[in-house]
1. Can you tell me how many residues in the range 178-211 are farther than 20 Å from G488 by Cβ and part of a helix (DSSP H, G or I)?
2. Taking the range 145-167, which residues are touching a residue at least 12 places away in the same chain (Cβ under 8 Å) and either among the basic types (K, R) or more than 27 Å from P17 (Cβ to Cβ) (or both)?
3. Got a number for residues in the range 465-488 being open to solvent by 20 Å² or more (accessible area, probe 1.4 Å), modelled with pLDDT of 85 or more and among the β-branched types (V, I, T)?
4. Which numbered condition in (1) buried (at least 18 other Cβ atoms within 10 Å of the Cβ); (2) in contact (Cβ under 8 Å) with a residue 40 or more places away in the chain; (3) not in a loop (DSSP other than H, G, I, E, B); (4) not charged (D, E, K, R) is the only one that L114 fails?
5. Test E62 against the stated conditions and say whether it is of a type in the set (D, E), assigned to a strand (DSSP E or B) and crowded, with 16+ Cβ neighbours inside 10 Å.
6. Regarding N455, is this residue surrounded by fewer than 21 Cβ atoms within 10 Å (Cβ to Cβ) and either at pLDDT 85 or above or not charged (D, E, K, R) (or both)?
7. State all residues of the range 310-351 that are over 25 Å from V417 (Cα atoms), open to solvent by 100 Å² or more (accessible area, probe 1.4 Å) and of a type in the set (A, V, I, L, M); if no residue qualifies, say none.
8. Name every residue in the range 114-141 that is farther than 19 Å from P17 by Cβ and either of a type in the set (V, I, T) or assigned by the TED database to the domain that holds I195 (or both), in order of residue number.
Amino acid sequence: MAESWSFLDAPESNFRPLVVIELAKGTKEETIEWFTKRIVDKKADGGAQLLIKPLVTENGHENIYLVGASHLRLLLGAETVGLVKECNDNSMRTFTYSSRKTFRGFADDNHNFLTMAECQYIIKHELENLRAKSEKMIPGYPQAKLYPGKSIVRRLLTSGILVQIFPLHDREELKKLRHSWYGRVKVGYQPLDDIRCYFGETIALYFGFLEYFTFALIPMAVIGIPYYVFAWEDYDKYVMFATFNLLWSTVILEVWKRICAILTYRWGTLLMKRQFEEPRSGFHGVLGINPVTGREEPVYSSIKRQLRIYLVSLPFVCLCLYFSLYVMMIYFDLEQWALDYHKENESNFSSLMLYVPSIIYAVVIEIMNRIYRYAAEFLTSWENHRLESSYQNHLILKVLVFNFLNCFASLFYIAFVLFDMKLLRQSLATLLITSQILNQFAESLLPYWLQKRHNKRMKKRLSSQKTDTDMSLADQVNMEKEMGTYLGTFDDYLELFLQFGYVSLFSCVYPLAAVFAVLNNITEIYSDALKMCRVYKRPFAEPTANIGVWQLAFETMSVISVVTNCMLIGMSPQVDALFPDSKTDLVLTVALVEHLLLAIKFIMAFVIPDKPRDIQMKLAKLEFESLEALKQQQMKLAAESLKE
């Protein structure tokens, strides 16, 4: 990229544009001057102490600005955000500028010590922490009110003055990553370390989980194929398959915790200290004092929030769940109609018609899930949660409850009310395959096709060079600012969560569920990689130590799978024949087995450590050294006080 920056007439010879700021057309000059001054001002004066340059094109100035930072500023920012880097003694420690020489790969002239993603994360952190001082409003916009401590960037965004902030792609590095990631079809692991260096830990951890989950599904798929081929109608033989399913769902989640710890320790995020969260951008209230930090920030009554949750959000969710069940009953009416039609005609066409209700229902489920998602986001935002983590937890809870009922209620009804294993197998197969096809089309193929068409139009309009590497920076910025925005890993994890439910809850009656899941995930890896590199803007890196609340969601699903599989085993003719006289004994026995399996599951979760022993030892060593350093500091202070 260095050659494409040469047209910038910047006094700083080492100015490296990392982040793009786009302001709305017609933004007043006094607003631009004030905002850019706050970005450039020193930290002591309430600024971000960054570098900023306007992007000048053939059409002149277009209210687009490039933001960078000096090498020293980025190193100080790395200490501020608490980045963890590898030391010369192979240990991982929080970076401090004073001890910079002890970190591996550091040199005063080595500007690659921090990855580009880390530099962009630091700039994003500094921009988001630009706070109003004595300003009462944004200059030039009296309606855009400010108060001391208010985030300037968030106010500009909500006022429509600031259109977007996004990090620039490094086209050379992206080309290398595309080649090693999905440029050629190969059997092997993904370049997770390269993904992490380019996109950050959150996205790298998602692709790591996707890859791990795909490999974990292979034993289920291998065992499921012979069950499908040789025991299709013999449900008695699925008892062993269901038992294996129970152990498998527990072991893979516990092993993932260990793999996650290994990855995040190597990347440094396992050791990053959680700081006090800033209020989220959508949080509003009367200006007050935070009793913990002492800072001025909006204050909103928790009682009002609880009233909104329990008197509005909860009834709305219950109403949506009722509507989902109502649609499910319509589906069963269609199933009955298709069955009656087949009995009357018994033709090839009538045989195909048996699958039509399930396909229609699968499409309706996807549509309802997406509509409900927008409603859940609106409600959760309206509840006015102070922290982003609280907002995400409430949103995920709403979405998971609805998606679980919407996707699996019909399967539970078929299995435990209708007792129709043949219809259960047919419905499970149709829902799984249809949802996978729809997701691949909606999330990857359609956005890629639209973006490809848009890029062709942009290249013609910009009259750019023939190859990407020769594209000027102005053309690159104009190309990227029109690309879609990646909204995070929420939908990707949700898709895997529902897939895990299809495989673990009822796969003993349809053993090929794991096979289709493996095939889908292989294409998902390539399509998601293509989506990240070609369809969306580059997202900001977000450090993370694990997959968050999704780990709990998957573990909850595995507990539910124990109950469903035990009930399916108890319903099998093989087990039913053991209790010919008393169904009560059968129910009690199944309940006892279910409790024993849950006990075994929790024992396994307890016995298998979340972190490998070598990482536990390294963490303990770091904690011991921190305590020793604190003791030495306290002894030094005590000695100085005695001298006085």
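The values are calculated or read from the model by the stated rules, or taken from the named source; none is laboratory data. Just so it is clear, the model here is predicted, and its values are computed rather than measured. When we count neighbours, we look across all protein chains shown, and the Cβ atoms used for this are built from the backbone with ideal geometry, even at glycine. Note: accessible area is taken over every heavy atom of the protein model, side chains too, but ligands, DNA and RNA are not part of it. Shrake-Rupley method; radii C 1.70, N 1.55, O 1.52, S 1.80 Å.
1. Within the range 178-211, the first condition is being farther than 20 Å from G488 by Cβ, and the residues that meet it are 178-180, 182-189, 191, 193-194.
With the extra rule that they be part of a helix (DSSP H, G or I), the set shrinks to 178-180, 193-194.
Summing the residues that are farther than 20 Å from G488 by Cβ and part of a helix (DSSP H, G or I) in the range 178-211 gives 5.
2. Residues of the range 145-167 that are touching a residue at least 12 places away in the same chain (Cβ under 8 Å), as a first pass: 146-167.
Once the filter is applied, which keeps residues that are touching a residue at least 12 places away in the same chain (Cβ under 8 Å) and either among the basic types (K, R) or more than 27 Å from P17 (Cβ to Cβ) (or both), the range 145-167 yields L146, Y147, P148, G149, K150, R154, R155.
3. 1
4. Looking at each condition in turn, L114 falls short on (3).
5. Working: of a type in the set (D, E): yes; assigned to a strand (DSSP E or B): yes; crowded, with 16+ Cβ neighbours inside 10 Å: yes.
Spelling it out, E62 is indeed of a type in the set (D, E), assigned to a strand (DSSP E or B) and crowded, with 16+ Cβ neighbours inside 10 Å.
6. Working: surrounded by fewer than 21 Cβ atoms within 10 Å (Cβ to Cβ): yes; either at pLDDT 85 or above or not charged (D, E, K, R) (or both): yes.
Considered against the rule, which asks whether it is surrounded by fewer than 21 Cβ atoms within 10 Å (Cβ to Cβ) and either at pLDDT 85 or above or not charged (D, E, K, R) (or both), N455 comes out as yes.
7. We begin by selecting, within the range 310-351, every residue over 25 Å from V417 (Cα atoms); these are 310-316, 344-350.
Subset that is open to solvent by 100 Å² or more (accessible area, probe 1.4 Å): 310-311, 344, 346, 348-349.
Within the range 310-351, L311 is the sole residue that qualifies.
8. I138
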